[in-house]
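The values are calculated or read from the model by the stated rules, or taken from the named source; none is laboratory data. These numbers were taken from a predicted model, which means no experiment stands behind them. A quick note on method: Cβ atoms are made from the backbone with ideal geometry, for glycine too, and the neighbour counts reach across all protein chains shown. The accessibility values were calculated without ligands, DNA or RNA, using every heavy atom of the protein model including side chains. Shrake-Rupley method; radii C 1.70, N 1.55, O 1.52, S 1.80 Å.
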Amino acid sequence: MLKRLLPILSHPAFISLILTVITIVLLPPIFNRYKAKLVDKQILPSSQREVFHDLDHDGYSEKLKIFDVYSANSSILIMTKEKIFHHWPLHKKLFDHGQVYFGDFNNNGYDEIYVFTHDSSTIYINIFEPFPDLVTHIEDRPIYQVYYNKHNTIDNQIVSSLFEDLNGDGSKEIILSLMTGWTGKPRQTIAYDLRNDTLYFSQKCGVCLYDSYTYDIDGDGVNEILGSTHAYNNCKDLPYSDSSTWLMILNNKLDFFFEPVEIGKHPASLMVRPLVHNNESYLVVFNQHRGINDTSSLLLFNKDGIQLKERKILHNIDIENSFLISGDLKNRNVVYHLYGNGEIDVIDNDLSVVGRIKTKIKVFSMPKRIDIDHDGEKEIIIQSDGNLTITRSDFSHPTALEFSSFAKGLLDYSIISKGPDKSYVFIRKDNRAYTFHYSKNSLFFLKYFFYLALYCLIFLIVWLIRKSQEYTLIQKFKTKQLIAELQLKSIQNQINPHFTLNVLNSIGTLFYKKDIETAEYVFDKYSKLLKSTVISSEDFIITLSHEIDYVDNYLKIEKFRFEEKFDYKISVDDKVDIETNIPKMLIYTFVENSIKHGIRHLMSDGYLNINIIQKSESIIIEVEDNGVGRKKAAEYVQFSTGKGLKILDQIIQLYYDLEKVKIFYKIKDLFDNFNNPKGTQVVITIPLSNSTT
């Protein structure tokens, strides 16, 4: 099986496919369906906020600059298309960090601006409608009492706001959930009827509705008010104490739609989302216990507050920062359960998981649905670890708006519209502000052509690498072949038949003359020569000392053969490292040539000097003789095959290919004062470091 698969697995096409898939996975998200491009960043004063909203619904957002957020002299500058339109001075200190709300209470097509101020005892509402011509303008309308904690700071907080026509008079009321902290003071939902200048209050409770929203549970055409509750355990003496979480729903008169249902104990939080099945509305409740050993639950209630089902959720999953979010208008039959690790369960009316979406989004706060790009579909904005991620309504195509300089925490963001096809997200935390352009990615449909081109490029690279490897293997094979051939040639050249026959004849003659001592001496030298040749027959590279010993034995034999008509001397400087590697036959070839072509033609008094020294970064080998010279030696061609130097040149080139050491040699004819030949000199240069020249 493996033998059948191996050709497929090692084929360049398959390898290229695997590499292409890995590369695509590691690519930055340049081919996402949607993109968010950073178009502006700026530093804002800590006492100033900027908020964007399309007040007149003309497709272009107005900019609100809120000055002196933390002082009693705050004001709001309203700009439209980068021009100042109105300046709204406020006469009291801004409440709730200068948070701004927008709504069209009278349905005239123009949104009002709602801000809250306070003095030492009272919270006030301020309403300003700059379009079309200051139709609505309310200042310092008292709505609630100020409470102070033990640190003498305001303990009140607005945790959610809504606009809904509660009394059916055609005008919307602004509905606020007011929270208090450690003071243990009552928590309430209030509604302000602008048309009649009237305030409505819910029952004072120990809990309040966070992230509130409206939904018609009973199908009577009038929306109820729903929201999350938290068990903080600091309002124990009030009705519906925050020692527990409560399923609490208000009707249009801010009375309880049904008696609040106690769900979980401190520490815990509760979220509720409506779900439609067979045209009936149900409530999916997620009660999240925050204790280490506690168990969280998903519960199903009918519209009358009666529990129908419960499913326990163990804390072996990342339940921290988990949230419920309703499906969009097309998917009211499911609820999405977001976990902090980015996994999303799709929950049906049986509390069963009918689908699972895996993302890399680390959820930090309650997601919100906003139609950012004005295509009629509400996108989902998710805050995660100081960053924002925008997805489509079904959590598909996540687009991250990343700005790593921000620490974890809530971000202040708003949507900027600059025409029907230009949507921007303005984000601020601390004094840094960033603007991103969110839009469809024009490169999305090019990704398949890019992937195909990427595959072709990787295939070409893999194919070239494969061919390069094949070429390298072939060259290695050829090199091994050449080394074997040169080894054979060097052996044949070192122990050629004529030399061997002459030596054996000489030894035989000595035995015939009964000169046993000399015969044994010559035979010893020859046997060493033969042994060295055989032992190093597989070696292409030898040490300098090995070459010197071989040449010395060779010269001793030749000196005997030529009846002492020449002498020789081998000198090695102390600085020379005789263990330096050199190619085989480097010195021997020139020594043999000196004997065969120069000295053998002399009658007597021949000499051969081999001098080895080190100069700078090279070893210099000089081989000098007083033979007849190359010109005269050419007349004795019958004594030469002409192969020695050719073999040596091949060896030197192969040595360079393997070791990257370029060896040079020069042959020089020597002349006396009368220009008569008096020998030959060879200078061999061996660099001690690698050279490419």
**Asked** Across region 437-475, which residue is surrounded by the most Cβ atoms within 10 Å (Cβ to Cβ) among those that are closer than 21 Å to Arg392 by Cα, in contact (Cβ under 8 Å) with a residue 12 or more places away in the chain and hydroxyl-bearing (Ser, Thr, Tyr)?
**Response** Tyr438
**Asked** If Asn502 satisfies every condition in (1) at pLDDT below 65; (2) under 18 Å from Ile686 (Cα atoms) but one, which is the exception?
**Response** (2)
**Request:** Go through the residues of region 28-51 one by one and say whether even a single one is closer than 30 Å to Asp133 by Cβ and of a type in the set (Asp, Glu).
**Result:** yes
**Asked** Counting only residues that are of a type in the set (Val, Ile, Thr) and under 17 Å from Tyr424 (Cβ atoms), which one in region 358-393 is surrounded by the fewest Cβ atoms within 10 Å (Cβ to Cβ)?
**Response** Ile370
**Asked** In region 591-609, what residues are in contact with a helix residue (DSSP H, G or I) (Cβ under 7 Å, 6 or more places away or on another chain) and open to solvent by less than 10 Å² (accessible area, probe 1.4 Å)?
**Response** Val591, Glu592, Ile595, Gly598, Gly606, Leu608
**Prompt:** Out of all the residues in region 181-191, is one or more hydrophobic (A, V, I, L, M, F, W, C), at pLDDT 95 or above and outside any loop (DSSP other than H, G, I, E, B)?
**Reply:** yes
**Item:** Which numbered condition Val276 misses (of (1) closer than 30 Å to Val222 by Cα; (2) in contact with a Lys or Arg (Cβ under 7 Å, 6 or more places away or on another chain); (3) open to solvent by less than 10 Å² (accessible area, probe 1.4 Å))
**Value:** (3)
**Message:** Among the residues of region 210-264, what is the count of those that are open to solvent by 30 Å² or more (accessible area, probe 1.4 Å), of a type in the set (Asp, Glu) and not in a loop (DSSP other than H, G, I, E, B)?
**Reply:** 2
**Subset of region 566-591 [charged (D, E, K, R), assigned to a loop (DSSP other than H, G, I, E, B) and modelled with pLDDT of 85 or more]** = Asp573, Asp574, Lys575, Asp577, Glu579
**Complete:** Apart from one, (1) within 20 Å of Phe116 (Cβ to Cβ); (2) at pLDDT 95 or above all hold for Gln203; the odd one out is (1)
**Asked** Which of the residues spanning region 1-48 are in a strand (DSSP E or B), open to solvent by 30 Å² or more (accessible area, probe 1.4 Å) and either closer than 25 Å to Leu454 by Cα or not β-branched (Val, Ile, Thr) (or both)?
**Response** Lys35, Lys37, Leu38, Asp40, Lys41, Gln42
**Asked** touching a residue at least 12 places away in the same chain (Cβ under 8 Å), open to solvent by less than 80 Å² (accessible area, probe 1.4 Å) and within 30 Å of Gly170 (Cβ to Cβ): does that describe Phe102?
**Response** yes
**Prompt:** If you go through region 534-590 one residue at a time, how many are open to solvent by 50 Å² or more (accessible area, probe 1.4 Å), within 54 Å of the chain's Cα centre (by Cα) and farther than 15 Å from Ile652 by Cβ?
**Reply:** 5
